[in-house]
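Taking it in order: structure first as structure tokens, then the write-up.
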Amino acid sequence: MPKIIIAFLLLTLSLNLFAELPEKPDAVTGSTKLYKTDSLHKYINIPKVPKQYSFELGYRNIFSVIDNANALMGNSATHGYGFLFDYAWQLSGLNKKRPAVYLSVPMGYTVVFADNNLSKNISLLNYGWTVRHELAENKSSVPFLGYGLLLNTLKVNGTPGGVMGHQTQFEFGYNFNAKSKVKYIAKIQYSYASFPKLGVKERLHFQFADLRVGVRF
């Protein structure tokens, strides 16, 4: 019995709340309609999470390859170019009282060109998660630090299939704020990538650096 009484009181309170919601005249007919959604937002104030989109491109240098089992068969490719698209959600700094923090989902593609006629181009497709910390607020140029954990697919030109490994990435750069909503970016990245090799315990390890420029909006 007490449960029935409590349920009845809750139902009555809900009906009274909706009954007291203000009415607005319709812009076309002039009649009044009950705008429950607009009024409920006054009681439930849930701000939208800001999103940020980035597009960048730049140069990559593979400066270290550790390959004990010679999985690349002597193939040498160290210099290349790539691009990346990044979709981010702001996690912190929503009140503009402290610098922003973003969680993003990047997807990028890079081609590294053969160093000589006996080698072949290689390509790397990466996607995963990154976290980016801005180190200042409301300045014309804002420094940021970032780190990411990504999956990376390595392919050698002319060789069927590919191999998937993981990539750990660190970055430092600057956002240059323009008068519009567009921000220009410049950054440097260091990455460590590891790929498995069939039939042996050793893994193929890459270390590479990227110089990137791009835009955010």
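What to note about this one:
- For residue 56, the shell of other residues with beta-carbons less than 15 Å away shows a net charge of +3, using +1 for Lys and Arg and -1 for Asp and Glu.
- Charge sum, other residues only, whose C-beta stays under 9 Å from residue 104's C-beta, Lys/Arg counted +1 and Asp/Glu -1: 0
- Burial order of peptide ranges 116-123, 52-59 (average beta-carbon count within 10 Å, highest first): 52-59, 116-123
- When the pairs 97/181; 155/187; 97/139; 120/201; 139/187 are compared against a 21 Å limit on Cα-Cα distance, 155/187; 120/201 fall above it.
- Spin-label model, residue 92/residue 186: points 7 Å from Cα along the beta carbon direction are separated by 2.7 nm.
- Seen from residue 73, the other residues with C-beta closer than 10 Å to its C-beta sum to a net charge of 0, counting Lys and Arg as +1 and Asp and Glu as -1.
- For region 100-110, backbone phi angles converted through the Karplus equation (6.51, -1.76, 1.60; θ = phi - 60°) give residue-by-residue couplings of 7, 10, 10, 10, 10, 10, x, 9, x, 9, 9 Hz, Gly and Pro being listed as x.
Every number here is computed from the coordinates shown, using simple stated rules; none is lab data. Because the structure is a prediction, the values reported are computed rather than measured. Cβ coordinates were reconstructed from backbone atoms using ideal geometry, including for glycine residues, and neighbour counts include every protein chain displayed.
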